[in-house]
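The values are calculated or read from the model by the stated rules, or taken from the named source; none is laboratory data. All of these numbers come straight from a predicted model, not from anything done at the bench. Note that we place each Cβ from the backbone using ideal geometry, even for glycine, and neighbour counts take in every protein chain shown. Remember, those area values only see protein heavy atoms, side chains included, never the ligands or the DNA or RNA. Shrake-Rupley method; radii C 1.70, N 1.55, O 1.52, S 1.80 Å.
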Amino acid sequence: MKFLENPMQTMGAGFALAAVLIVGYLGMAGIGVGEANWPGLLLRWVHFLAGITWIGLLYFFNLINAGFLKSLDGPTKNIVIPKLMPAALNWFRHGATVTVFAGIALYFYLPQDRSSAIALGIGGLLGLIMMINVHAIIWPNQQKIIAAVTAAAQGTPAPAEMAQWGRTALLASRVNFMLSIPMLLFMGAGSHLK
């Protein structure tokens, strides 16, 4: 079970397991391969996977990481931030982008009644605002912080603006954290509020 030691191999095994299970499901349910709505299923699956990645990291950043980083001294931050944040923010921002674009495609692909369309539209609009926050505010400020911390580890003094960059990124992230709560409600509400 060496594949469990590498997250990319584990993810690959998860995709392989999903393929095996869907074939088994189709056989047990008596559904022919040509009868399934593959585009809708795959769009929804990608939307869910990317969304869980994005929102999971959003909650990690807000509920755990922000407080943890505040508790570290300067030299320790100079080690942790350059190692942790680029990879975490890479998954975070790409998760946001894939989630929103797959959601838009899904919205226009799947038929909906008026009530579902309104609920999904509200959730989607909140998600779009959140993605814009990620790319226009959070990521640019985090890039500056990562570069400044990396330079500080080499002896360059931290720029005076670094605290403001951190505050701006934190507040935008907190707005996204707040928006995620009604966004998730409306994403799930469409089929229940009729």
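For a quick check of understanding: with a 1.4 angstrom probe and all protein chains in place, what accessible area in square angstrom does Arg44 have, to the nearest ten?
110 Å²
Suppose every Lys and Arg Cβ carries +1 and every Asp and Glu Cβ carries -1, with no other charges. What dipole size does segment 1-131 come out with about its Cα centre, to the nearest 20 debye? Can you show the working numbers first?
Working: 7 positive and 4 negative charges, 67 e Å.
Dipole size: approximately 320 debye.
Thr99 accessible area, nearest 10 Å², 1.4 Å probe?
For Thr99, the solvent-accessible surface is approximately 10 Å².
Ile181 to Ala19: FRET efficiency via 1/(1 + (r/R0)^6), r the Cβ-Cβ distance, R0 30 Å, to the nearest 0.05?
Efficiency at R0 = 30 Å is approximately 0.35.
Which value results when the Cα radius of gyration for segment 1-74 is divided by 2.2 N^0.38 Å?
Numbers: Rg = 18.4 Å, N = 74, 2.2 N^0.38 = 11.3 Å.
Relative to the 2.2 N^0.38 Å estimate, segment 1-74 comes out at 1.63.
Quick one, what does Rg over Rh come out to for segment 39-112 if you take C-alpha atoms and the Kirkwood Rh?
Working: Rg = 16.2 Å, Rh = 13.8 Å.
When Rh is taken as the Kirkwood radius, the ratio is 1.17.
Percent of Cα-Cα pairs per 5 Å bin, from 0 to the last occupied bin, for segment 1-43, please list those.
In order of increasing distance, the bins hold 5, 20, 20, 22, 12, 10, 10, 1 percent.
For the modelled label position 7 Å from the Cα of His94 along Cα-to-Cβ, which residues of segment 1-30 have backbone nitrogen atoms closer than 18 Å?
The answer is 6-16.
Taking the alpha-carbon centroid of each part, what is the distance from segment 17-90 to segment 125-194 in angstrom?
17 Å
With no solvent and one point on each alpha carbon, what is the Debye value of log10 I(q)/I(0) for segment 1-127 at q = 0.18, 0.21 Å⁻¹?
After summing over all Cα pairs, the log10 values are -1.12, -1.24.
Using every alpha carbon pair in segment 73-135, what percent of pairs falls into each 5 Å bin from 0 up to the bin containing the largest distance?
All Cα pairs, binned at 5 Å, distribute as 4, 16, 19, 15, 12, 10, 8, 6, 5, 3, 2, 0 percent.
Report, please, the projected area of segment 49-194 averaged over directions, based on the convex hull of its C-alpha atoms, in nm².
Details: hull surface 34.6 nm².
Its Cα hull, projected and averaged over all orientations, spans 8.7 nm².
Student exercise: in the chain, how many lysine pairs 8 or more apart or on different chains have Cα atoms under 21 Å apart? Could you put the intermediate results ahead of the total?
Values: Lys70/Lys83; Lys70/Lys144; Lys77/Lys144; Lys83/Lys144.
Going through the chain pair by pair, I get 4.
Just the Cα atoms of segment 145-194: what Rg and Dmax do they give in Å?
18.7, 61
Relative to the longest principal axis of the C-alpha atoms of the chain, give the angle of the C-alpha long axis of helix 7-29, reported between 0 and 90° and rounded to the nearest 10°.
10 degrees
Grab the alpha carbons of segment 38-79, take their convex hull, and tell me the volume per residue in Å³. Could you put the intermediate results ahead of the total?
On the way: hull volume 2.3 nm³, N = 42.
Per-residue hull volume (Cα only) is 56 Å³.
When the solvent-accessible surface of protein heavy atoms is calculated with a 1.4 angstrom probe, in what order do Glu35, Glu161 fall, highest first? Numbers along the way, then the final one.
Details: Glu35 135, Glu161 95 Å².
Most to least solvent-accessible, the answer reads Glu35, Glu161.
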